[in-house]
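Nothing in this text is a laboratory measurement; each read-out follows from the coordinates by a stated rule. Given the structure is predicted, the values throughout are model-derived calculations rather than measurements. Note: ideal-geometry Cβ built from the backbone for every residue, glycine included; neighbour counts use all protein chains shown.
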Amino acid sequence: MADDAKVSARRMRLKLALEELREMKGFGTELVTLIIPPDRQISDARSMLQNEHGQAANIKSKGTRKNVQGAIESAISTLSRFKTPGENGLAIFVGSIIIGNNKSRMVNVVVQDPPQPLISFRYRCDSRFELTQLEDMLVDKKSYALFVIDRSEAAYGIASGKRIHVQEHLVSNIMGKHRQGGQSAQRFERLIEEAAHNFFKRATEHASAYWLPNLEHIQAVIIGGPGATKDFVVKNEYFHHEIAKKIAKTTFDVGYSNESGVRELVENAGQLMGEIELDAERQIMNRFLTELIRTHPKATYGEMMIKEALDKGAVDTLLLSEGLRGNIVELECKKCGHGEDGSWEERLTRQQELPDCPSCEASNDTVRERASISFIDSLSIMAEESNTEVVYISVDTEEGSQLIQGFGGLAAILRYPLM
């Protein structure tokens with residue numbers, strides 16, 4: 001997968017994990033948060049947990065003591081699967097959470113390879129998980145460059161999320177229409193056009209210099225103004241060539257070319273900003289639907305078919321709906337050790353009770369969660385192993401709604417037809 005696709009996958013995994021972790025709550029200070037930055041040793045974290053396990057023996061409440069020690073034991077067991085925290089660190093969230101009707105369930109959520117490096121080591125035992133470092137990684141850095149201009153003034157800035165920042169307002173000082181005595185009309189006109197050219201060049205150079213350091217996060221450059229000057233500047237290639245690649249085809253009429261004009265530009269171009277992001281989704285969904293109706297389609301859908309195609313390395317592009325939910329949970333029975341390695345897997349939501357053991361039929365009180373991974377995450381990892389591109393489809397478009405409702409939220413464009 002390309003680097004930007006990998007980052008998108010990491011962000012999606014984190015988004016799903018945080019969505020569930022935010023809702024989890026313990027009866028007391030029984031939920032363990034362990035955050036290990038990339039420069040910290042796994043052995044250090046294990047030693048610290050072993051020490052905390054001993055300290056937990058002093059907890060007066062028998063129920064709390066049992067749950068805290070159980071959570072720490074689960075975290076230590078989880079750490080044994082890792083030799084290092086990875087390039088961006090590792091976060092483990094484990095503990096007995098309330099699932100309703102005064103019942104609880106032990107969960108174990110691991111966030112590995114987050115989209116950005118974790119900053120500091122953190123161990124916390126509380127009624128809620130500590131999520132601050134991970135929440136900060138989901139702050140949307142996507143932005144739109146904004147530029148308004150006419151012959152008398154220009155302004156530029158950037159819009160990100162709900163924030164509009166106007167960086168600079170420039171005034172041209174181009175001479176008025178009345179020439180001074182002794183100047184020919186032709187010479188006067190030439191001086192005006194030269195001044196205009198210099199102003200256009202100065203304004204676009206200032207704007208380009210401001211945008212270039214963050215160009216990877218800029219979705220589009222949106223240009224407006226009260227007259228034809230905006231189109232002249234675009235047509236005559238005043239902008240830096242890398243900026244020019246991101247200029248939106250549509251320009252917008254606004255009343256002013258100052259800070260007020262920048263804010264009016266955002267209002268007028270609001271729909272375009274949304275369309276730019278959603279258009280890519282529409283194109284890939286239309287590609288899938290077109291392929292699906294062919295005699296020998298290079299497309300498939302449904303969990304079983306897609307997993308089979310991924311195992312064969314046949315998937316070129318995997319389409320996953322952002323509306324997919326559920327987790328693949330690794331379970332073990334403390335009574336009979338069900339499964340070849342003492343464990344088995346179930347697809348569950350966080351609010352479902354753990355199932356009874358399928359072998360000895362022991363109640364879910366003896367069944368323990370060893371680890372879990374979101375359903376989307378598990379498919380994304382399979383895709384990475386077969387060098388498959390993963391595209392996350394929102395539910396905000398007609399096509400996105402069709403994916404989740406008509407195809408179960410899973411679709412694939414194949415490298416070759418599956419016979």
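In table form, for the structure just shown:
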read-out: Cα Rg over Rh - segment 170-260, Kirkwood; value: 1.04
read-out: Within-10-Å neighbourhood charge of LEU414 [Cβ basis; K, R +1; D, E -1]; value: +1
read-out: Set LYS6/LYS66; LYS141/LYS235; LYS15/LYS235; LYS103/LYS307; LYS249/LYS312; LYS141/LYS312 screened for pairs whose C-alpha atoms are more than 31 Å apart; value: LYS6/LYS66; LYS15/LYS235; LYS103/LYS307; LYS249/LYS312; LYS141/LYS312
read-out: Descending Cα extents along the principal axes, the chain, whole Å; value: 104, 61, 39
read-out: Rg(Cα)/(2.2 N^0.38 Å) for segment 3-139, N = residue count; value: 1.04
read-out: For peptides 293-302, 194-203, sequence by mean Cβ density within 10 Å, most packed first; value: 194-203, 293-302
read-out: Free-standing Cys, the chain [no other Cys Cβ under 4.7 Å]; value: CYS125
read-out: Dipole of segment 143-277 [Lys/Arg +1, Asp/Glu -1 at C-beta], most positive-end residue of TYR144, ILE247, SER160; value: ILE247
read-out: Distance from segment 21-37 to segment 70-110 (C-alpha centre basis), Å; value: 9 Å
